[in-house]
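Worksheet: one structure, shown below.
The values are calculated or read from the model by the stated rules, or taken from the named source; none is laboratory data. Because the structure is predicted, anything quoted here is derived from the model rather than measured. Every residue, glycine as well, gets a Cβ built from its backbone with ideal geometry; the counts of neighbours run over all protein chains shown. Calculation scope for accessible area: heavy atoms of the full protein, side chains included, ligands and nucleic acids excluded. Shrake-Rupley method; radii C 1.70, N 1.55, O 1.52, S 1.80 Å.
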Amino acid sequence: VAKRPTLRQAKGLVLALDLAGAAVAAQEGVGAAMANRLDAFGVLVIAFVAALGGGIARDVLIGQTPPRALRDWRYPATALVAGAAAFAFGQWVQAIPQAALITLDAAALGLLAVAGAEKSLDQGLSWLAAILVGGVTGVGGGVMRDMLLDKIPAVLTRDIYATAALAGAATMIVARRLGVPNVWAAILGAVLCFALRMVAVNLGWQLPRAV
Amino acid sequence: VAKRPTLRQAKGLVLALDLAGAAVAAQEGVGAAMANRLDAFGVLVIAFVAALGGGIARDVLIGQTPPRALRDWRYPATALVAGAAAFAFGQWVQAIPQAALITLDAAALGLLAVAGAEKSLDQGLSWLAAILVGGVTGVGGGVMRDMLLDKIPAVLTRDIYATAALAGAATMIVARRLGVPNVWAAILGAVLCFALRMVAVNLGWQLPRAV
Amino acid sequence: VAKRPTLRQAKGLVLALDLAGAAVAAQEGVGAAMANRLDAFGVLVIAFVAALGGGIARDVLIGQTPPRALRDWRYPATALVAGAAAFAFGQWVQAIPQAALITLDAAALGLLAVAGAEKSLDQGLSWLAAILVGGVTGVGGGVMRDMLLDKIPAVLTRDIYATAALAGAATMIVARRLGVPNVWAAILGAVLCFALRMVAVNLGWQLPRAV
């Protein structure tokens, strides 16, 4: 019996988007690291952690060790090259339109959240845990980056970011339950995450806060 | 040959106390998160981490992945429902007598410490490591909560809390060595941890500090 | 077919240096913990984490759980005894010449980095990931210590420390590729890390920083 295809099986496209998202996250991390007066090594650590921390946390949590980011050299290579480039050519990176980076980041967020949730289901996690691990995959790198820089993680205090990741993962799982083929459920979840994130950025949406 | 029963095999009671302890920890986490101006998502993350971080760390350390908190949906559901309730009905939660929360928390601490140490022994950890993992199970969630909120973990600076967890786990292991049946060793350890914590709270005991 | 010997197979010497390095790291951790007004329990936690956190992170990342530091009681015992001694006899520890501690620490750094990279290769990690895990093994404990004490990890902001660890791991891997027997490749890497660290300390070398 052939298994239904999943988003992760569209290997080439997913890998390209995954690495592009890692590069964007690495570049963001470099900016934060330089603002905190880290040295060249520290900058590369933050780039690495921001780019790959979420996926590594996912793989450790679901018991898939060594994590993929440590088995496939293209992941650390992408993070470190993007980090080194952002460190060395900071002013050129600043010339990249912010909107382009936010768009690529949102696309990568959708992919990470949905693929993280899929991988979790494969490993026997409950549907609720799969959504949560999808969220961890999407935002874990940014959380570790902020913790290393001695800050409360930005994702906990503002913006619709993690919420978009969770909504995408949840949409994928609900769609599967409703009988949508796996690959379409994944695309639906990733697109919803992407759209929610982009709308929230452009309209300045925020989650409620205690008074 | 029938194996001797352990505390973890008294499934129903243990699960109920485990979930109650998670709910108390989630509620405490929400209070700390709201004081730090987190948004609704951040509050739920802190609730989740405070409630389940210790058990997740235990399972990752002893190689039991995916962690139980991610395989059994009742754990995240309890943490998130308790967190959401504390966020939405903060003033009602404040009406719960502090003494009741402290008592429940101490009971859960004893259970977590002893069950964590038992699980570690089953996985081939040394007796010293089993005590330490019992302690991690008991206090890991609070440590992660404080690290995310950019504070030195409270458990490292004051009160007899982690010490009670370690004492409970150690008592259980010593009692087993002395030939006490496993289930009674576990009860002895959990009760000792609970009693030590309650006495310390009520008498204001503190550990020594360097001068 | 006999496998080539590796540095880790020179068991006795490696264990002794490993434990000595753990004791030095524990003692350093105690100093930092006492400066932050931690209580006796907190001091021991920092000693434990500083001494063994890097090796535990390595084993979790490469899927060798439970970590060796939790299976072999000599590791936690060394960390806790060294930590307790440094807490109780602080003024005597201060009498140990700083140069002796730095030298022992540099030797342990070389050993940890090279052995961590070797263990990673054995587990099927890519060469790039093996270098990175070697670095994590060397500096992970110090990073966790600083994060618990609510500081940006020192290793990210100054000194040639992590860089020496990475250079040692990389040297070992390049030497292997060039056909150097495993044991000599390991010694070469560890010695290079040690020498680079000692020269950097004595000449006050720093990595470049963004302006």
Kindly check whether there is at least one residue in region C:129-141 that is in a loop (DSSP other than H, G, I, E, B) and in contact with a Phe, Trp or Tyr (Cβ under 8 Å, 6 or more places away or on another chain). no
For region C:61-78, which residues satisfy the criterion of being of a type in the set (A, V, I, L, M) and surrounded by fewer than 22 Cβ atoms within 10 Å (Cβ to Cβ)? C:ALA77
What are the residues in region C:164-182 that are open to solvent by 40 Å² or more (accessible area, probe 1.4 Å) and in a helix (DSSP H, G or I), if any? C:LEU166, C:VAL174, C:ARG176, C:ARG177
Take the residues in region A:126-138 that are open to solvent by less than 10 Å² (accessible area, probe 1.4 Å) and among the hydrophobic types (A, V, I, L, M, F, W, C); name whichever of them is farthest from A:GLY21 (Cα to Cα). A:ALA129
Condition first: at pLDDT 90 or above, at the interface with chain A (Cβ under 9 Å from one of its Cβ atoms) and surrounded by 24 or more Cβ atoms within 10 Å (Cβ to Cβ). Can you find one or more residues in region C:114-123 that meet it? yes
Within region A:139-157, considering residues that are more than 7 Å from every other protein chain (Cβ to nearest Cβ) and touching a Gly at 6+ places or on another chain (Cβ under 6 Å), the one most open to solvent (accessible area, probe 1.4 Å): A:MET144
Unique match (being on the phi < 0 side of the Ramachandran plot and at pLDDT below 90) among A:ALA25, A:ALA47: A:ALA25
Residue by residue through region B:183-211, note down the ones that are basic (Lys, Arg) and either open to solvent by less than 50 Å² (accessible area, probe 1.4 Å) or out of contact with any strand residue (DSSP E or B) (no Cβ under 7 Å at 6 or more places or on another chain) (or both). B:ARG197
